[in-house]
Structures are given as structure tokens and as C-alpha cells.
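Remarks on the structure that follows.
The values are calculated or read from the model by the stated rules, or taken from the named source; none is laboratory data. For clarity, every value in this text was computed on a predicted model and none was experimentally measured. Because the Cβ atoms are built from the backbone with ideal geometry, glycine has one as well, and the counts that use them run over all protein chains shown.
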């Protein structure tokens, strides 16, 4: 396949440049998505509606976790590289995770399943294991349903395992932040409203710290696995790998929730959070690296003709379609962190404009190219 | 414009049939989680009956003797691998028409002030409250008791301040019965309250 043909194939396969349209009355996934969001919103009103007494804790929790969201969004924005997903699609994922998955699905499902474990195994068994045996099923699947619906809403945009990874992370982040606010409220209610601000700060510190390796991570891994199972991008169907990846996300969720049971209440309990977090982070980067392969090849195909034309240098192509080590190598070559970043951003702009134009020449493509040439 | 155009062979009731697979898959799984699990829970009966000799773990060495024959729905017995925490304690005992809930909370004030805090947090519920009294357990722990009755049934709240220097928890015992059922359980509730023993003072 020559450079131009490969470029056009990459645009078609990746769906890059296709805008995300949320309102789709002919699409049943749109109505199911709205049902989930409506059900979740109704549950939120019911849950917090009569909680005027706990307003200080609730307000403190909302403010603290809204601030907590900022570094997360900046981090995920940086990860949304290669054929980047539109903001509207990611926002829809976040909203599903926060409103529908948390309040419409997880709240009633967890309540029931926790009680089932206590009935089946006794209260001592439930105390040790019920949380870890419930949440990986109810919460991971509840969040993943958002990804399934977004595939229905944007079938051309949600293609690769990397798409599943990024959208999954946003769904998980939504779940995490809304669940954290719920924890703040429950913490205040548990103490009957004594020292509400102190309680909300305490929950913020504990949940905020553990949140680094929590829902966003689980759902990113689960989402990548689901897309490997579905195999929506050419050559990406890996059912066994996908199932194992989804199972790994659920196992991490289990280990995190049942740390006390796993540690047996002994000294291991102190070490376990750090050990589990380390394993989770290594697994996360391994999945990310594997999931990005298809996207990186699309990026190379998108910019291939620009390399042939001498606009993009091979070193810049390696960096913009590569991994961290490729970007670092490029930075050393150009002897400037700032210039390296600008060149990478400009090359990304050019790739995006080429995709939007469907591979044709437009004034915006010419402008993006001129900008890159200006910086080179 | 053409994005909205559904080819005639794919139309069903104004919808695009090609979108049914992801939508119905997601809806089906969601409904199983939301309604299927609670239905399964409702179908499974409790089999966690309190037997003679069982002792409830209230954390920090504190204990209570639950009424024989009631179902232990939440909480642990002494001797099990899991140990209860006095500041996050949640115990539920239930029998036909009555429940006993125990909640352990970190609280620095007195038992009386703790009961005030509980009442403030719950606002005004319809019903008639009796005057506050006191109750002393067999181990000498004194608590504040508030009885009440309303359209939903009878209620008894008892607050204790457990003398443990490191955690200083407050313990709330809440008894709820269906209307006119309290008398049936009075002896069991009284025996239960009298059995509450604080852990060793530190």
C-alpha cells in the first residue's frame, strides 16, 4: 500500500476526524444512555434530597473532589494522544461513570450482592470478602456498559483497544469522583453529623490517595480488554488476551477492596496497599503500551505522505507516533524540551487536520503544514 | 444531513435496528444488576440464627449477648477471625417484626450529648417521645435511653459512652418494632441491653 492509500485507510479505520454527535434520536443506544443518566440522577435526588443536615459535609466533599478532578483531567488529557478522542465523547463517558454506573447500577446492585454474601457465607465471611466479591462484578460491568453504549453512539470513533483504555479511564474517573462524594456523605451520616468538615477532609485524604490506583485504572484496563474481545479495529481481535485483561482489572479491584481479608489482619496488611499499587501500575503501563500499538501505526500512516514530502522528519514521526523513550530521544536530538513539545504538538495538529479533511488538501491542512515548517 | 438518514431496510419504529445490539446488551446487563440481584437477594432466606452461647463482638474487647433465635444480619461474633472496630461498628439483629441495630461512632462528648446529636441529625419524626431515662448494664455501664412511638411502630434508642481511652467511642443501640410489637420483645431487649459489657479500660 503506498503512502497516500495507507493514509486514507488509517483515516477510515481510526475514525479520526469524525465529529461526535450526542443527540441521535434514531439510535437506541442514545435512549438507553439517557435512561441510565435519568435513573442515576433520580437516585441522586432521592439519596441526597433530604440531607439538609449533612450539607456542610456534602458541600465540602463536592468542592474537594472537584479540585481533585483537575490534575486527573490534565493527566488524562496528556494520555489522550495519537488519534485523540473528542471531548464530548469523553464527557459522555465521565457522566455515565459518575451518574449512571454509580447511582443507577452500583448502589442497588451492591446493596443486594453484599447481603447475598452475608446470607450465603455468614457475616464474618462477608466482613472479610463481600466487598471484593461484589464490586468487581457490579461496578466494573456497570462502568463497562457505558463503553458499550458509546460504541453504539460513536461506532467509528471507538475502535481500538487504546480507545477503550482512554474512554474507560474517563468513565472510571467519573465513577471514582461521584463515589467519593457518596463516601463523604455516608461518613458524615455514620457519625450522625458530628464534626462534618473534619469527616469530609478525612475521607478526602484517604479516598484521594487510594484513588490514584482505583476506578480510573481498573476501567482503563477493563476497557482495553473489552475492545480486544470485540476486535473492532482490523487485526485487533484478541479474545483470550481481552478476557484475561478484563479479569485482571476485576482481580485488582478485588484485591484493593479485600485488602484486610488478604492481609489477614497481620503485618502484611500494612505492606499490601503499596505492593498491590506497584503491581497495578506496572500492569497499567503494560496494557497501555500494548493497546497503543494500533493507534501508533495509524499515526504513522496518517503522516507518512508528509514524511515523503519532507514536511515531517523521520525522527519527528518516530516521536509523535512513538512511546515515551522515542519522545525523549527526539527531545535530546533537538536539544530543547520546549521546542520538542512544540514540534510534537504541531505534528499532531497537522495529523488532525489531515484527518478532518479526509486526506484532501484544505486551507487548514496547508496552515497546519506551514506552522510545522515555521517551527522546523 | 445524511448521517440522520436511516435506510428503509434498517428502520424499526423510527429507530435504526443496527443500533439495537449494543443498546439492548447494555440495557439487559444493567437490568440484571439493578433488579436481578435484589430479586435473588429477596429469594434467599437468612440462615444466621443466633445460638445459645453466642457473644457479639462490639470491638475493643466490648461484648454483648444477642437474643437466641434472632438472625444476625450484620456484625461478628467473638472468636471469629474478623475483629470488630468500636468506631465503625455496625451490627444488625432481626426477628419477625423487630430489629436491633448497634452503631459504634467516634464521639468526644457525653452519652446524653451523643443522643442529642443523633436526634438533631434525623430531624423531627412524627410520634411521641417519652422522657429520657437511664439504663445500667450488668457490667456497670450506664447509658441514656429514649423511648418513642409513632405511626411506623415503637422505637427505643440507647446511647452509651464506652470508656476506652484510645478511641472513646459512643455506642448507639436502636430497637425498632412494628406497631404494638414492643411488648412481645421487651424481655429479650432488656436482657440484651443488660448484657452489654465494655472492653478493658486502657
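Points worth noting:
- Test: residue in segment B:48-65 that is without any contact (Cβ under 8 Å) to a residue 12 or more places away in the chain, facing another protein chain (nearest Cβ under 7 Å), within 30 Å of residue A:134 (Cβ to Cβ) and within 41 Å of the chain's Cα centre (by Cα): no
- If only residues of segment B:83-105 that are within 9 Å of another protein chain (Cβ to nearest Cβ) and in contact with a helix residue (DSSP H, G or I) (Cβ under 8 Å, 6 or more places away or on another chain) are counted, the one that is modelled with the highest pLDDT is B:103.
- Every residue from segment B:87-116 that is more than 15 Å from the chain's Cα centre (by Cα) and crowded, with 21+ Cβ neighbours inside 10 Å: B:107, B:111, B:114, B:115
- Among the candidates A:35, A:89, residue that is in a helix (DSSP H, G or I) and surrounded by fewer than 18 Cβ atoms within 10 Å (Cβ to Cβ): A:35
- Test: residue in segment B:23-44 that is part of a loop (DSSP other than H, G, I, E, B) and either within 12 Å of chain A (Cβ to nearest Cβ) or surrounded by fewer than 19 Cβ atoms within 10 Å (Cβ to Cβ) (or both): yes
- Listing of helices (runs of 4 or more DSSP H) fully contained in segment A:135-251 that carry 2 or more residues being at pLDDT 95 or above and closer than 20 Å to residue A:104 by Cβ: A:161-190, A:215-230
- When residue A:106 is tested against (1) part of a helix (DSSP H, G or I); (2) without any contact (Cβ under 8 Å) to a residue 12 or more places away in the chain; (3) under 26 Å from the mean Cα position of the chain (by Cα), exactly one condition is not met: (2).
- Hey, residue A:70 more than 8 Å from chain B (Cβ to nearest Cβ) and over 22 Å from the mean Cα position of the chain (by Cα) or not: no
- Considering A:283, A:351, A:347, the condition of being assigned to a helix (DSSP H, G or I) and surrounded by fewer than 18 Cβ atoms within 10 Å (Cβ to Cβ) is satisfied by A:283 alone.
- Residue under evaluation residue A:1, criteria (1) at pLDDT 95 or above; (2) away from chain B (no Cβ under 14 Å); (3) touching a helix residue (DSSP H, G or I) at 6+ places or on another chain (Cβ under 9 Å), criterion not met: (1)
- Members of segment A:154-178 found to be buried (at least 24 other Cβ atoms within 10 Å of the Cβ) and within 11 Å of another protein chain (Cβ to nearest Cβ), listed by number: A:154, A:158
- When segment B:117-141 is filtered for residues that are surrounded by 12 or more Cβ atoms within 10 Å (Cβ to Cβ) and either touching a residue at least 40 places away in the same chain (Cβ under 8 Å) or more than 20 Å from the chain's Cα centre (by Cα) (or both), the ones remaining, listed by number, are B:118, B:127, B:129, B:132, B:135, B:137, B:138, B:139, B:141.
- Segment B:10-20, residues that are within 8 Å of another protein chain (Cβ to nearest Cβ) and either under 19 Å from residue A:142 (Cα atoms) or surrounded by 15 or more Cβ atoms within 10 Å (Cβ to Cβ) (or both): B:15, B:16, B:19, B:20
- Tally of residues being within 14 Å of chain B (Cβ to nearest Cβ), closer than 20 Å to residue A:176 by Cβ and assigned to a helix (DSSP H, G or I) across segment A:257-280: 1
- Only one of A:239, A:212, A:243, A:206 that is within 14 Å of chain B (Cβ to nearest Cβ) and surrounded by fewer than 24 Cβ atoms within 10 Å (Cβ to Cβ): A:206
- Residue count, segment B:47-62 (criterion: touching a helix residue (DSSP H, G or I) at 6+ places or on another chain (Cβ under 9 Å) and at pLDDT 95 or above): 2
- Only a single criterion out of (1) in contact with a helix residue (DSSP H, G or I) (Cβ under 6 Å, 6 or more places away or on another chain); (2) more than 10 Å from chain B (Cβ to nearest Cβ); (3) without any contact (Cβ under 8 Å) to a residue 12 or more places away in the chain is not satisfied by residue A:115, namely (2).
- Every residue from segment B:146-180 that is modelled with pLDDT of 95 or more and surrounded by fewer than 18 Cβ atoms within 10 Å (Cβ to Cβ): B:174
- Of the residues A:57, A:29, the single one that is within 20 Å of residue B:26 (Cα to Cα), within 14 Å of chain B (Cβ to nearest Cβ), surrounded by 15 or more Cβ atoms within 10 Å (Cβ to Cβ) and touching a helix residue (DSSP H, G or I) at 6+ places or on another chain (Cβ under 6 Å) is A:29.
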